[in-house]
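What follows is one structure encoded as structure tokens, with my remarks underneath.
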Amino acid sequence: MNMYSMPGYFQNMPTIGKELVNPNPENEQEIKAVEQDIHESIEKALAAGITSEEKLNERGQLSAMQRINALIDAGTGAR
């Protein structure tokens, strides 16, 4: 007999990604605005720094993002 109830829960969990039964346009717009704000914040953070990527590359150095991207395997879907 299985002593844990969680495996059964996960086996019977509904599939993620189904269409919403009652979509709410107001909530959708709010979520999209938050997502846009997050995207802009990420872009701003990625662009921040004392020197530009070009200047670092001229000195034979890589930016932090270039170093991180060099570690990511191609085709993994990571940024």
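The values are calculated or read from the model by the stated rules, or taken from the named source; none is laboratory data. Please read these numbers as outputs of a predicted model, since none were measured by experiment. Cβ sites come from the backbone with ideal geometry, for glycine too, and all protein chains shown count toward neighbours.
Here is a yes/no grid of residues against (1) more than 24 Å from the chain's Cα centre (by Cα); (2) β-branched (V, I, T); (3) part of a loop (DSSP other than H, G, I, E, B); (4) modelled with pLDDT under 80:
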site: E26; (1), (2), (3), (4): no, no, no, no
site: Q29; (1), (2), (3), (4): no, no, no, no
site: K32; (1), (2), (3), (4): no, no, no, no
site: E40; (1), (2), (3), (4): no, no, no, no
site: E43; (1), (2), (3), (4): no, no, no, no
site: T51; (1), (2), (3), (4): yes, yes, yes, yes
site: N69; (1), (2), (3), (4): no, no, no, no
site: G77; (1), (2), (3), (4): no, no, yes, yes
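Just one residue in the set A70, A33 is in contact with a Leu (Cβ under 9 Å, 6 or more places away or on another chain) and hydrophobic (A, V, I, L, M, F, W, C); that residue is A70.
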